[in-house]
Amino acid sequence: MTAHSASGYRYEPPRTESNAMFMVATVLLGILVATLGFFALLMWMDARDANSQPAAAPAPQAAATHDHAAASAGTTESFAGAAPANADALAAAHKPFPAAMPAVMAGAVADVNLVLKDVTVEVAPGVKYSAWAWAGGAPGPVIHVRQGQMVKITLTNQGAIPHSVDFHAARVAPDKAFAHVAPGKSVSYTFRANDPGVFMYHCGTKPVLAHIANGMYGAIVVEPPAGVLPKADKNFVLVASEWYLGSNGLDKPATFDMAKAHALQPDWMTFNGYSGQYVKHPLTAKPGELVRFWVVDAGPSIDTDFHIVGTILDNAYPFGDLTPGHALHGVQTVTVPAGGGGVFDVKIDKPGLYPFVSHAFAAVDQGQVGLLKVGNVTGTMSH
Ligand SMILES: [Cu+2]
């Protein structure tokens, strides 16, 4: 066995006077490095404390909010599923919000007029709600423009308090364009819809949570030129949202419950404003057609996990990013975040009833479910 292998490659130089001095210098250098390191550690800890100050300061308030939410979770009555005896007949008689995407707006400038009114809407069979809504209902009208088209928005406030309208499809200075409009007044602004996708629009007046929850939201589709996406045979627009009720809404219209909204405890969750409306009145397609869903989640607070039972999303454009090459293929469920959009294509060959849902299934129990009826089939589906 050689010294080489026994020492494990360690080089042991002969001990001379200069080597001793070298060792002393090395030890001193080591102490210096350790001292500097210690101070560096102290400075880092100091900086870390300073950084955490802003986060630490609101902690009591955050805790209080949490306690408040927990308290209301324990005491707030849920009105989920409240229904009159004739709910089924009311659901059948309800005229569904048109999910079929409207034609693209003609002309160089898409002239969009939104009139805000305080109205009573129905969010489920027999369940009335005092809403703030555009053009008489929630969601507001679906707006369909071409990529690159100018869009002129005019908001007229016929309600009792100030409102505003924030278009996610716009790149504009929000302090000017999304300004508050006093009752009886109007505001106008224009933007060029350069970014394709499906976008939310909503009232941005504080408390935004209340204004959105009261029905002030809608969708705008900014369609790219032909050929960017596969050609769709059917286009449907769905706006997901949740409702927080201060009463069951059966005898008199319910009003917004802020405690429930803070606790994320909706009573109803809907596509296009009415619980399960496309279960009673299914959307339809022929076998083999390419069906495109343009989905916005208006929230105000809960994401929608878009899924179609019995099939797989052939093309998914998460977040509404329509950039060629960014699509996903063969995926089962895609989240549409609150305040966001998503575009989903399916091509279904087998006739049947295919439920579309938010696969966060509490949402289904509260009404965020519909049916896509493919082919000439009968019967119902219990999803
Ligand atoms: Cu508003």
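Quick note: the coordinates plus some simple rules give every number you see, no bench work behind them. This is a predicted model, so every value here is computed, not measured. Note: ideal-geometry Cβ built from the backbone for every residue, glycine included; neighbour counts use all protein chains shown.
The set of residues in the range 183-217 that are more than 19 Å from residue 299 (Cβ to Cβ), out of contact with any His (no Cβ under 9 Å at 6 or more places or on another chain) and either in contact (Cβ under 8 Å) with a residue 40 or more places away in the chain or hydrophobic (A, V, I, L, M, F, W, C) (or both) comprises 190, 191, 192, 193, 194, 195, 196. Tally up the residues in the range 226-277 that are assigned to a strand (DSSP E or B) and of a type in the set (Lys, Arg), please. Final tally of qualifying residues: 1. With the condition kept exactly as written, say whether any residue in the range 121-141 is in contact with a strand residue (DSSP E or B) (Cβ under 9 Å, 6 or more places away or on another chain), farther than 17 Å from residue 223 by Cα and free of Cβ contacts under 8 Å to residues at least 24 places away in the same chain. Within the range 121-141 (the criterion being in contact with a strand residue (DSSP E or B) (Cβ under 9 Å, 6 or more places away or on another chain), farther than 17 Å from residue 223 by Cα and free of Cβ contacts under 8 Å to residues at least 24 places away in the same chain), the answer is yes, since at least one residue qualifies. Among the residues of the range 321-375, the ones that are under 23 Å from residue 242 (Cβ atoms), surrounded by 19 or more Cβ atoms within 10 Å (Cβ to Cβ) and without any contact (Cβ under 8 Å) to a residue 24 or more places away in the chain come to 0 in all. Scanning the range 199-239 for residues that are touching a strand residue (DSSP E or B) at 6+ places or on another chain (Cβ under 7 Å) and farther than 28 Å from residue 371 by Cα yields 203, 204, 205, 210, 211.
Of the residues that sit in the range 245-256 and are touching a strand residue (DSSP E or B) at 6+ places or on another chain (Cβ under 6 Å) and on the phi < 0 side of the Ramachandran plot, which one is surrounded by the fewest Cβ atoms within 10 Å (Cβ to Cβ)? Don't jump to the end; show me each part of the working.
Here is the first cut: in the range 245-256, the ones touching a strand residue (DSSP E or B) at 6+ places or on another chain (Cβ under 6 Å) are 245-247, 249, 253-255.
Those left that are additionally on the phi < 0 side of the Ramachandran plot: 245-247, 253-255.
On the way: 245: 26, 246: 19, 247: 18, 253: 19, 254: 25, 255: 14.
Among those residues, the one meeting the criterion is 255.
Scan the range 170-217 residue by residue and report those that are at positive phi, buried (at least 19 other Cβ atoms within 10 Å of the Cβ) and away from the ligand (no atom under 12 Å from the Cβ).
Our first condition is that a residue be at positive phi; within the range 170-217, this holds for 184, 197, 215.
Within this subset, residues satisfying the condition of being buried (at least 19 other Cβ atoms within 10 Å of the Cβ) are 197, 215.
Matches in the range 170-217: 197 only.
Kindly indicate which of 93, 124, 89 is small (Gly, Ala, Ser), under 29 Å from residue 260 (Cβ atoms) and touching a Gly at 6+ places or on another chain (Cβ under 9 Å). Before you say what the answer is, go through the steps one by one.
Numbers: 93 fails: touching a Gly at 6+ places or on another chain (Cβ under 9 Å); 89 fails: touching a Gly at 6+ places or on another chain (Cβ under 9 Å).
Going through 93, 124, 89 in turn, just one is small (Gly, Ala, Ser), under 29 Å from residue 260 (Cβ atoms) and touching a Gly at 6+ places or on another chain (Cβ under 9 Å): 124.
The single condition among (1) within 30 Å of residue 289 (Cα to Cα); (2) within 16 Å of the ligand (Cβ to nearest atom) that residue 231 does not satisfy is (2). In the range 84-120, what residues are touching a residue at least 60 places away in the same chain (Cβ under 8 Å) and over 26 Å from the mean Cα position of the chain (by Cα)? Once the filter is applied, which keeps residues that are touching a residue at least 60 places away in the same chain (Cβ under 8 Å) and over 26 Å from the mean Cα position of the chain (by Cα), the range 84-120 yields 84, 91, 92, 94, 109.
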